[in-house]
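The values are calculated or read from the model by the stated rules, or taken from the named source; none is laboratory data. All figures in this text were calculated on a predicted structure; none of them were measured in a lab. Here the Cβ positions follow ideal geometry from the backbone for every residue, glycine too, while neighbour counts run over all protein chains shown.
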Amino acid sequence: MSEKLDRILELNDLENRFLHGTGLSGGERTRLERLRETHSTQVPSLDQRDPYTLLGEALPAQVITGDVVVTGVLRNASAAGVALSVDATPPGLGQRAKVVARDVERGLEYAFSGIVVSRVVKGGFAMALQVDGTPSRLRLGGRSGVYPRGRAATESPAEALTDRPRVITKKF
């Protein structure tokens, strides 16, 4: 599924540590060189014939620009960027955007921010994003703080209060 994205994030992490002088062990240096050799340094195009950037299975994604959210499918990824097909007109060239892709089976969410460097607006819609920050990977689901994530909107306020942990305010 998203093993390629995991390797891209690992490459990015090792590159950052190498460039900022925090030091790499011998094994990490070897791994960095291997990842540099196997990953493209070009922003991918939306091409199903490119085995170096094509994901094993496309991931559902969202493109976020300001107050506009466009759904799509992440299909290609490299160390320099991502390419995806989208359901509506993609953002304009040079516009900042954030791509959030979800691997539901593994329970992971990947986020890439950068600048739109190519787009297709005739026929099917597509775009490519040059990543200019550090991509991130987050766990989906679970509990965040006191309130469970994904609570049903139709739930009554009384039902919502019943499964919250109680806070003991009594001093001992």
Would you point out which residue out of 100, 117 is touching a residue at least 12 places away in the same chain (Cβ under 8 Å), part of a strand (DSSP E or B) and under 17 Å from the mean Cα position of the chain (by Cα)? 100
Number of the exception - residue 27 against (1) closer than 30 Å to residue 121 by Cβ; (2) free of Cβ contacts under 8 Å to residues at least 40 places away in the same chain: (1)
Quick one: in the range 1-44, of everything that is surrounded by 14 or more Cβ atoms within 10 Å (Cβ to Cβ) and among the β-branched types (Val, Ile, Thr), which residue is modelled with the highest pLDDT? 8
I need the full set of residues from the range 59-83 which are closer than 19 Å to residue 134 by Cβ and either β-branched (Val, Ile, Thr) or in contact with a Gly (Cβ under 6 Å, 6 or more places away or on another chain) (or both), in order please. 61, 63, 64, 82
Identify, please: which residue in the range 120-139 is part of a strand (DSSP E or B) and of a type in the set (A, V, I, L, M) and is, among those, surrounded by the fewest Cβ atoms within 10 Å (Cβ to Cβ)? 138
